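Enquirer: Pasting a structure here, questions to come.
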Amino acid sequence: MPLKKRLLAAAAAAVASAVASVTAAAAFTLAGAMLSFPVHAAAQSRIAVMGTPDDLFLALRDASRNSDLDTINALAPRLADYAIPSYVDYYKLKPRLRDLQASQSEIRGYLARYDGSAIADRLRNDWLLELGKAGDWATFDEQYPLFVLDDDTQLKCYALTSKVLKGQKVAAEARALLVEPKSYGNGCVGLVGALAQAGQFSNEDVWFQIRLAIEAGLPAVARRLAAFADDADGASLQQVIDKPAPLAARGAGRGHASHALYIIALGRVAKSNPQQAAAFLASGGDNLSRHDLAQAWAQIALPAAVKLMPEAMDYWRKTKGAPLTYDGYQWKVRSALRVGDWDMVRTTIEAMPAALRADPAWIYWLGRALKADGKPEAARKEFASIADQAGFYSQLAQEELGRQITVPPGPAPLNVADVAAMERNEGFRRALKFYDLNLRFEGSREWNWELRKMDDRQLLAAAEFARQNDVLDRMVNTSDRTRTEIDFTQRFPAPHLDQMTQKARTLGLDMAWVYGLIRQESRFIRNARSQVGASGLMQIMPATAKWVARKIGLAGFSADQVNDVDTNLMLGTNYLNMVLGDLDGSQAMASAAYNAGPGRPRAWRATLTQPVEGAIFAESIPFNETRNYVKNVLSNATYYAALFENKPQSLKARLGMITPKNFVASDLP
């Protein structure tokens, strides 16, 4: 029996065993779910010293996350009358969902009790993951249509697996879904196996998924996927992952598996040295078919493009006909933009999968390519399709259509009753409670759940309610959802205006740009703190705060002052001004520096072979976070300028041109 079939048979047996276990457990209704567990004395003593109900609730949340049943069972009786019972019950039940320890009657009871709530939908999400893992397709298929948000990639994969097992054809749908291995989990790996076993995925489909996982830096996922390729050898794949250079240096052998491993080895080498990988391919790729050769060049071109190497264009030109990943398509366009190859821009965008092609970025650049190709009407059609949206590429599209960027007319004023209805909304009240507890994730989940079915007037009222409760990030995000009634004072607020005006004037700094940056950095959450330790409205790192305080002579500064609004604005605006001066007054480069450090945009500029538009510089930033950050900051700044100055603005003028310049290290942190 071939390796793939042996492994699939073993997997099928494991699923059958899991389903049998679940069925047997159901026969006695998983009685343990209804029992009261003994509470250890240590847990009781920890809880005895806790004070307020909020303290107990936060402890329950932590215990649930840690699957600490002793502490959960000690805390639960003391929270019988807590203000948010749905979350108390969720935290009690969640750990016992794992491996379906809780009974179906208990789970269904919870879902019925809190039907229509955000947390019930979250529990259904959790339960569906366990049902898919256990292969309980009957219950999964019953519950999946009831999952409202439907935003979990693993669940989408489990749903397709269920269809495959029923004999339905889903290969095209699966290929459109399976593009981001970081979100695969067990569900999507299993889907690839099910499709391969059913003959809906070819061996080449499986190898594409293996390459995609390795490209994403997920070798463990790649090894699991290799079990579904007829000709894969796990030991050889591991060798290629760990030590690719020897195989790449030996050249392509014979046979499909040998070629597939060779192509992966080239990609692994190219991660650190694209030129060496290209040399290996030039000397050792004679046995490759034209199709495999194009794939091999694609594996080298992508890392070369991300490194902003001029050789990337030579590599991309050799990839004709190769199936590219989403990153591959996008970086091929970015490389072409940097050298002004509009024909490659057009043909690459036109070859993108439909979901990627619909991104406003690629609609805009396709319009530019059509314009460069002497097809102005076709270009106008592309620009017009996104010009009425909001954001970076919509603004650029407006300018291509001859419009300037202005503030749209405001909506009719809200009445008291509109906002009062939001105050009575239980989901919003739960959200505010969570914000008081500094549980922003839970608060935003509750808030956003309530927005799903609101019309524009209701959204504006909800945004106003957020403003009145000083939850400005929710005001901005809520107002951003309106389609026809637009309120820029909600979308682009300017709190702390007196302090900001004084600081911006003192430094000669563009206040619209500073507000655009704050809107992106913290959404005006005064005590915002990032995972890496940046703090406050302008998200300043501790070391940077100390450095700037010393530079500007801020006597007696201590780290605990960084969240003070006035101090945060003083440090942030001074640092931003220093960065701007260090980068020749370019807001595009200075925004990138504020996010990624001053040295990086200097290095990116040094790779240019010719002057480029600021939009091209921004689009070809190698870091995903920084690329999106720069585009959002400058888009925000353009809208703020229209508000502050009450006159039309140009994003293109704000972006300017970026001219090549040799790299020089910066003294800024």
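The values are calculated or read from the model by the stated rules, or taken from the named source; none is laboratory data. From a predicted model like this one, the values you see are computed outputs, not experimental measurements. Positions of Cβ are generated from backbone atoms using ideal geometry, with glycine treated the same way; all protein chains shown enter the neighbour counts. Side chains included, ligands, DNA and RNA excluded: accessible areas come from the protein's heavy atoms. Shrake-Rupley method; radii C 1.70, N 1.55, O 1.52, S 1.80 Å.
Enquirer: Please count how many residues of the range 219-239 are modelled with pLDDT under 90, closer than 11 Å to Val206 by Cα and hydrophobic (A, V, I, L, M, F, W, C).
Expert: Looking only at that region, the number is 1.
Enquirer: Where residues in the range 475-524 are of a type in the set (S, T, N, Q) and open to solvent by 50 Å² or more (accessible area, probe 1.4 Å), which of them is nearest to Glu423 (Cα to Cα)?
Expert: Looking at the filtered set, the residue picked out is Thr489.
Enquirer: Give me a count of the residues in the range 195-226 that are more than 16 Å from Leu160 (Cα to Cα), part of a helix (DSSP H, G or I) and open to solvent by 50 Å² or more (accessible area, probe 1.4 Å).
Expert: Counting residues in the range 195-226 that are more than 16 Å from Leu160 (Cα to Cα), part of a helix (DSSP H, G or I) and open to solvent by 50 Å² or more (accessible area, probe 1.4 Å) gives 4.
Enquirer: A further question on this structure: Would you mention how many residues in the range 141-160 are open to solvent by less than 30 Å² (accessible area, probe 1.4 Å) and over 25 Å from the mean Cα position of the chain (by Cα)?
Expert: Residues that pass the stated criteria total 1.
Enquirer: Return yes or no: is Ala282 open to solvent by 50 Å² or more (accessible area, probe 1.4 Å) and either free of Cβ contacts under 8 Å to residues at least 60 places away in the same chain or part of a loop (DSSP other than H, G, I, E, B) (or both)?
Expert: Criteria met by Ala282.
Enquirer: Filter the range 315-331 for residues that are under 16 Å from Glu215 (Cα atoms), among the hydroxyl-bearing types (Ser, Thr, Tyr) and in a helix (DSSP H, G or I); which is most open to solvent (accessible area, probe 1.4 Å)?
Expert: The qualifying residue most open to solvent (accessible area, probe 1.4 Å) is Tyr326.
Enquirer: Now for a separate question. Going residue by residue through the range 534-546, is there one that turns out to be assigned to a helix (DSSP H, G or I), out of contact with any strand residue (DSSP E or B) (no Cβ under 6 Å at 6 or more places or on another chain), open to solvent by less than 60 Å² (accessible area, probe 1.4 Å) and in contact (Cβ under 8 Å) with a residue 24 or more places away in the chain?
Expert: So far as the range 534-546 goes, yes, one or more of its residues are assigned to a helix (DSSP H, G or I), out of contact with any strand residue (DSSP E or B) (no Cβ under 6 Å at 6 or more places or on another chain), open to solvent by less than 60 Å² (accessible area, probe 1.4 Å) and in contact (Cβ under 8 Å) with a residue 24 or more places away in the chain.
Enquirer: Considering only residues of the range 393-405 that are part of a loop (DSSP other than H, G, I, E, B) and either touching a residue at least 24 places away in the same chain (Cβ under 8 Å) or of a type outside the set (Lys, Arg) (or both), which is least open to solvent (accessible area, probe 1.4 Å)?
Expert: Leu401
Enquirer: Mind counting the residues in the range 406-448 that are closer than 28 Å to Ser394 by Cβ, surrounded by 13 or more Cβ atoms within 10 Å (Cβ to Cβ) and aliphatic (A, V, I, L, M)?
Expert: Selection size over the range 406-448: 2.
Enquirer: Let me ask another. Applying the selection to the range 483-511, what residues are β-branched (Val, Ile, Thr) and within 17 Å of Met578 (Cβ to Cβ)?
Expert: Thr506
Enquirer: Which number in (1) in contact (Cβ under 8 Å) with a residue 60 or more places away in the chain; (2) touching a His at 6+ places or on another chain (Cβ under 9 Å) marks the one condition that Arg519 misses?
Expert: Condition not satisfied by Arg519: (2).
Enquirer: Can you tell me how many residues in the range 303-314 are open to solvent by 20 Å² or more (accessible area, probe 1.4 Å) and either in contact (Cβ under 8 Å) with a residue 60 or more places away in the chain or hydroxyl-bearing (Ser, Thr, Tyr) (or both)?
Expert: Number of matching residues: 4.
Enquirer: Considering the range 227-237 alone, what residues qualify as being crowded, with 17+ Cβ neighbours inside 10 Å and more than 17 Å from Val269 (Cβ to Cβ)?
Expert: Those that are crowded, with 17+ Cβ neighbours inside 10 Å and more than 17 Å from Val269 (Cβ to Cβ): Ala227, Phe228, Ala229, Asp231, Ala232.
Enquirer: Sticking with this structure for a sec: Can you name every residue in the range 164-191 that is open to solvent by less than 80 Å² (accessible area, probe 1.4 Å), in a helix (DSSP H, G or I) and farther than 17 Å from Ile214 by Cα?
Expert: Val164, Ala171, Ala172, Ala174, Ala176, Leu177, Gly187, Gly190, Leu191
Enquirer: Does Pro303 satisfy the condition of being in a loop (DSSP other than H, G, I, E, B) and not hydrophobic (A, V, I, L, M, F, W, C)?
Expert: Taking the combined requirement at face value, the residue does not satisfy it.
Enquirer: Sticking with this one: Filtering the range 605-647 down to residues that are in contact (Cβ under 8 Å) with a residue 60 or more places away in the chain, open to solvent by less than 60 Å² (accessible area, probe 1.4 Å) and in a loop (DSSP other than H, G, I, E, B), which residue is farthest from Leu396 (Cα to Cα)?
Expert: Within the range 605-647, the match that is farthest from Leu396 (Cα to Cα) is Thr607.
Enquirer: Could you list, in sequence order, all residues of the range 91-126 that are in a helix (DSSP H, G or I), closer than 18 Å to Leu146 by Cα and open to solvent by 10 Å² or more (accessible area, probe 1.4 Å)?
Expert: Within the range 91-126, Gln104, Ser105, Glu106, Arg108, Gly109, Leu111, Ala112, Arg113, Arg122, Arg124, Asp126 qualify.
Enquirer: In contact with a helix residue (DSSP H, G or I) (Cβ under 9 Å, 6 or more places away or on another chain), farther than 19 Å from Pro648 by Cα and among the aromatic types (Phe, Trp, Tyr): is that true of Phe524 in this structure?
Expert: Spelling it out, Phe524 is indeed in contact with a helix residue (DSSP H, G or I) (Cβ under 9 Å, 6 or more places away or on another chain), farther than 19 Å from Pro648 by Cα and among the aromatic types (Phe, Trp, Tyr).
Enquirer: Related question: Which residue, of Ala512, Ala461, Ala431, Ala534, is more than 29 Å from Leu414 (Cα to Cα) and of a type in the set (A, V, I, L, M)?
Expert: Ala534
Enquirer: Go through Gln239, Gln275, Gln295 for me and flag whichever is without any contact (Cβ under 8 Å) to a residue 12 or more places away in the chain, farther than 28 Å from Leu131 by Cα and not hydroxyl-bearing (Ser, Thr, Tyr).
Expert: Gln239
Enquirer: Looking at this structure, is Ala248 assigned to a helix (DSSP H, G or I) and in contact with a Phe, Trp or Tyr (Cβ under 8 Å, 6 or more places away or on another chain)?
Expert: Considered against the rule, which asks whether it is assigned to a helix (DSSP H, G or I) and in contact with a Phe, Trp or Tyr (Cβ under 8 Å, 6 or more places away or on another chain), Ala248 comes out as yes.
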